[in-house]
1. Taking a 32 Å limit on the Cα-Cα distance, which of the listed pairs A:LYS338/B:LYS132; B:LYS106/B:LYS132; A:LYS48/A:LYS148; A:LYS239/B:LYS293; B:LYS106/B:LYS201 fall beyond it?
2. Considering only C-alpha atoms, what is the centroid distance from region A:298-319 to region B:220-264, in Å?
3. Using +1 on the beta carbon of Lys and Arg, -1 on that of Asp and Glu, and nothing else charged, what's the dipole of region B:126-248 about the Cα centre, debye to 20?
4. Within a Cβ distance under 13 Å of B:ILE312, other residues only, what is the Lys/Arg minus Asp/Glu net charge?
5. Take every Cα-Cα distance within region B:60-107, group them into 5 Å bins from 0 onward, and report for each bin the whole-number percent of pairs it holds.
6. So what's the projected area for region B:22-177, the Cα convex hull averaged over all directions, in nm²?
7. Where does chain B land at 222 nm, in deg cm²/dmol rounded to the nearest 500, when only DSSP H runs of n ≥ 4 count, each adding -39500 (n - 2.57), divided by all residues?
8. Taking a virtual spin label 7 Å from the Cα of B:GLN73 along the C-beta vector, which residues in region B:1-32 bring their backbone nitrogen under 20 Å of it?
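Coordinate-derived values only; no laboratory data. On a predicted model such as this, the values are computed, not experimentally measured, just so you know. Cβ sites come from the backbone with ideal geometry, for glycine too, and all protein chains shown count toward neighbours.
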Amino acid sequence: MILHIDMDAFYASVEERDNPSLVGKPVIVGGSAEGRGVVAAANYEARKYGVHSAMAAGRAKRLCPQAIFIKPRISYYAEISRQIRDIFEQYTPLVEPLSLDEAFLDASGSEALFGSSAEIGRQIKRRIRTELNLVASVGVAPNKFLAKIASDLRKPDGFVVVEPDQVQAFLDPLPVGRLWGVGKVTGQVFDRWSIRTIGQLRQLSRETLDDLFGSSGERYWQLAHGIDDRRVTPDREAKSISNETTFAEDIAELDILRAWLVELVEQVGRRLRRHDIKGRTVDLKVRYADFTTITRSMTLPEPTNITQDLLNAGVELLTRRLPSRPLSVRLLGFGVTKLDDSGRTQQQLFDQPDRQRNQELDRVADQITAKFGKLAIRRGARLEKEED
Amino acid sequence: MKATFDREKLLTAFQLAATVAPSRSPKPILSNVKLEVTADQAIVMATDLELGVRVVVPGVQCEAPGSCVLPIQRFGSILRESSDALIRIETDGHGTQVRGDRSEFKLPAANPDEFPAVASFAEKSYYEVPVKLLRELIRRTVFATDNESSRYALGGVLIEMQGSDIIAVGTDGRRLAKMQGQGNSVGGHSTGDQMTIIPTKAMQVIERMLTDADETVQLAARSNDVLVKTPRATIYSRLVEGRFPRWRDVFPKREEAHKIDVVVGPFYTAVRQAQITTSEESRGVDFTFGDGKVVLSARAADVGQSRVELPIAYDGPTIGIMLDPRFIADFLRVLDADRTCTIDLKDSEGAAVCTTDDGYGYVIMPLARDH
């Protein structure tokens, strides 16, 4: 069984905990009372007024004029996140953090020591409350996909267990919007076919789904049947860190691919830095419209987790090392292998200031991303590819 | 052309030249050497157009001057497989005949005039360096170059000739080797402001062309190329284009640093020992100097750990630094084992500066802890 543990209104809860006078009042972390900036987190009181994260502070202020705005303290939240992870790691080494306030755990190997996975989930939830005075929602289910839905289902302070023989009963009544990857476009397709629940989606054959959604059809079919065999991999133990994306429509323009690459590289860079690891070999994966898949790799002189270094290598592979054939790309992937967790960096004789500047840039960008979400800060090249 | 050669001398010269020929080339004639015989000497030539050599063949009796083009693979085999003392080579318009005591080969003849010209040394202004010094200038710097660098032109050794000083510098951006010595400028030759970066491969070929004799070598740096004349050969090479970083800034000017003297041989052994428990992913070796000893320790996951201790003449404050052992080994390898070198350290973040008393300086940047 897999556990998904998700802190409830994490930043806001931390602020309430440290300043009990805030309890019961609408609290917004991020942005300013003058209405500048973006909401990083809102407590449940503020959410009642329709305030949510990534909303412009001005709008939040209009929706909830009495809200108390608090400046985020990201390094402090990161410290608490580490304390939470310490609790996780007392139960299992298989912890895959998704962000500061959310992680997957695979505790199957620890059941003999601590009791069933559900029991472990309950213990962790209790300890987070008693030791850290914070509230987590916990989902326990046979796989990641179900565990994530489960933790979200009764938020806040939720605790939902999905036993293997209840999977279908659990999924069927849920709206299709609960499935990963269902955005506006896919939602419209579901609407057109009057598919509202996962149960209705499950009635469709795999072939029909392929017709409707192309390459994503297979995934929807699996999810509707509660199938998801991704493992919980702690990044620390991973042999590689990678990220890929399948496009809704094949992409033929190099500039657009490059913009997507930036996004993939930034995510990989963030994950490397979060775990203080560096990679030495960079891989680019390209799947063409005819499903031919090509990978190209390049070994750097030194291991790095600087986004700019990774990006330079990725762009080199994308623009110079691919075979000369017309571009029509359905999937782009970027990964890093030869991981180095020594916590050491070979210093350079020349351009050390440039490197430090890039490092600093990453550090600030990571903080902003942690604070305001992925859309808050982006490299210039990415702006062309404005989606959503 | 008609001439008789000492087979072994011809083979030596041929092999020296053949290393320059490209293994694959769009111009097939380049996978040949050209043999040119005049009344008083013979020369083997090879080139890949970037780099060319003319190697003198001693021990030739010329009956008719002329030249021919010989395929490297087959002609090399003929020379190697033979045990004859003398080899006679004769060409006419149809082919080349190679004849030993009881063997005879006929090779098709390409037109020697189609072989690209390989520049000879006719410079009036040049720089004169003892063979011994030039060998050290090359050996002590060429290993530090980096053909992959895109930002700077590091794929060669920078040569500066100014007055009586000749300086060679090689770097890959993580360590830098500099060797300095005294030569003699003829005709006011100097590199001035021009960047003379001789490609790594050319430097290796030049080194191979050096004799052990107590002679001098002539270097002429021009704007795009360099010509080098050794007692047995002339080497022509195009220069690496691009910018060499400001290498002088790399040598720190330190008021307060710890100078540690070590004997090369034992230190090199200790480095090699500590290096055993490093891996590609975990390369660092910790060097801790102090208390009359240096302790080297290394640890790599899945590989193990090591601790090696070596007594040294240093009693200053304890100072530690983590270095890539390959970089320090590269430095020690090119020095005589009984020589003493000085390591100059400031702290664990600053460069380690290694020097000898004969003009060699080597800067290594450490592996610093991430903040």
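1. Working: A:LYS338/B:LYS132 42 Å; B:LYS106/B:LYS132 42 Å; A:LYS48/A:LYS148 23 Å; A:LYS239/B:LYS293 39 Å; B:LYS106/B:LYS201 34 Å.
Those over the limit are A:LYS338/B:LYS132; B:LYS106/B:LYS132; A:LYS239/B:LYS293; B:LYS106/B:LYS201.
2. Cα centroid to Cα centroid, the span is 29 Å.
3. Details: 17 positive and 14 negative charges, 66 e Å.
My answer is approximately 320 debye.
4. Numbers: positive: B:LYS259, B:LYS293; negative: B:ASP261, B:ASP291, B:GLU309, B:ASP315.
Taking every Cβ under 13 Å from that of B:ILE312, the sum is -2.
5. Histogram of Cα-Cα distances, whole percents per bin: 5, 19, 33, 26, 16, 2.
6. On the way: hull surface 51.9 nm².
Projected area, direction-averaged: 13.0 nm².
7. Values: 6 runs with 61 residues, N = 371.
After summing the helix terms and dividing by the residues of chain B, the value is -5000 deg cm²/dmol.
8. From region B:1-32, the list is B:14-32.
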